[in-house]
Amino acid sequence: MSISKGVALVTGASRGIGRAIALRLANDGYSLALNDIPCNLPSLTALADEIGCVNVKAVSIAADVAEEEQVQEMIKKTVNDLGSVDVMVANAGILKSTPTLIETSLKDFDDTIAVNVRGVFLCYKYAAKQMIAQHQQRGGTPKGGSIIGASSVTAKQAWAGLSAYSMSKWGVRGLTQASAMELAPYGIRVNAYAPGSIDTKMVEKFAVDNGRDHKEYLAEKAQTVPLKRMGTPEDVANLVSFLVSDQASYITGQAVSVNGGLFFD
Ligand code: NAD
C-alpha cells in the first residue's frame, strides 16, 4: 500500500458522477469510503475491489443519507476503518420526473428535499464535526479538510419542469456558502459543483420517464450546449479533484459551474 493522502467519503458512489469522483480521488491517492443505498451494495463492493487495484484502501458503507442516525454511523465507520474524514463529497441526489409545479405531488417534493437537501445537510454537519475534532487533535493546522456538495446548473438558472429539484439544488448553494464561512476558522473549505447535463443513469431515467428515446434526448441536449456535447462524469470528477487539492486552497463557498458553456455566472 502507498501512503494515503487522506480519507475521502463519497456518497451515491455506486454509479455515475459519484463513481467517477471515487475513482479519481483513489487515483489521486486518497483512501475511499464508498456509500450508497443498501440495494446498490454489490456495485459498491465491486468498485471497492477496483479501487484496491490502484493500491489505496476502500470500504463500502450502505446508508441512506436522508437518515440522521445512518449518516452518523457512516462517519463513525469511516473513522474506525480508515482513521479520519478529510474529504466529504455529498454527491447522492435524486431527480423525480415532475412535469410542472401543479403536477408535483407533495410526496415527490418531500422525497427530493429529503435526499438532496436534508441528506447534504446531514453529511456536511457530521463530516464537519469530525473534521473540527481532527483539527483540534492535530493542533489547529491550517489544513482542516474539504467538503463538497452536489449542486446543479438548475441552482443558477432554474429549469421549467424541475421546480422541486431546482429548489433543492439552490438549497445546496445556500448551505455551502454559510458552512464555508462558519468552518473557515478550522481550515475547512466548503464548495459545490454545479454541472449541466451529464450523461448518467439519472438523465437516462429522466428521458425515459418523459417518453423520450434516451439517445435522441442526449443528442438533442448536446446541441443546446456551446461545446456541443453532454458532460461526462469524469468532467465533474476532474473539478472535484482540483477543489479538494491544495491548488484550490483559496477557494471556498463557491458552486463551480461545469456545464460546457450552457450558462454563464
Ligand atoms: P445517478 O442517479 O446516476 O446516481 C446517484 C446515486 O446516488 C445512485 O447510486 C443512488 O443510488 C444514490 N442515492 C440516491 N439516494 C440516496 C440516498 N438516500 N442515500 C445514499 N445514496 C443515494 O445520478 P448522477 O447523475 O450521478 O448525479 C450525482 C449528483 O449530481 C446528484 O446529486 C445529482 O443531482 C447531481 N447532478 C447531476 C447532473 C446530471 O446531469 N447527471 C447534473 C447536475 C447535478
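Under the shape rule built on the C-alpha gyration tensor, where the axes satisfy a ≥ b ≥ c, the chain is prolate, since a/c reaches at least 1.5 and a/b is greater than b/c.
Sparsely packed loop sites in the range 159-236 (the chymotrypsin sites (Phe, Trp or Tyr not before Pro) outside DSSP H, G, I, E and B with at most 14 other Cβ atoms within 10 Å) comprise TRP159. Put the Cα centre of the range 129-155 next to the Cα centre of the range 65-84 and the gap is 15 Å. Legend: calculated FRET efficiency, ARG212 to GLU234, from the Cβ-Cβ distance at R0 = 22 Å, rounded to 0.05, equals 0.35. Electrostatic bookkeeping for SER4 treats Lys and Arg as +1 and Asp and Glu as -1; over the other residues with beta carbon under 12 Å from its beta carbon, the sum is 0. Of the accessible area of the chain, computed with a 1.4 Å probe over protein heavy atoms only, carbon and sulfur atoms account for 56 percent. Per-residue ellipticity at 222 nm, computed for the chain from helices alone with -39500 (n - 2.57) per DSSP H run of at least four residues, works out to -14000 deg cm²/dmol. Fully extending the segment from ASP246 to LEU41 would add 70.6 nm, taking 0.36 nm per residue of separation and subtracting the current Cα-Cα distance.
Remark: the chain carries 47 Å² of accessible area per residue (probe radius 1.4 Å; ligands, DNA and RNA excluded).
The values are calculated or read from the model by the stated rules, or taken from the named source; none is laboratory data. Note that this is a predicted model, so its numbers are computed, not measured. Quick reminder, even Gly has a Cβ in these numbers, built from the backbone with ideal geometry, and neighbours come from all protein chains shown. Only protein heavy atoms, including side chains, enter the accessible area calculation; ligands, DNA and RNA are left aside. Shrake-Rupley method; radii C 1.70, N 1.55, O 1.52, S 1.80 Å.
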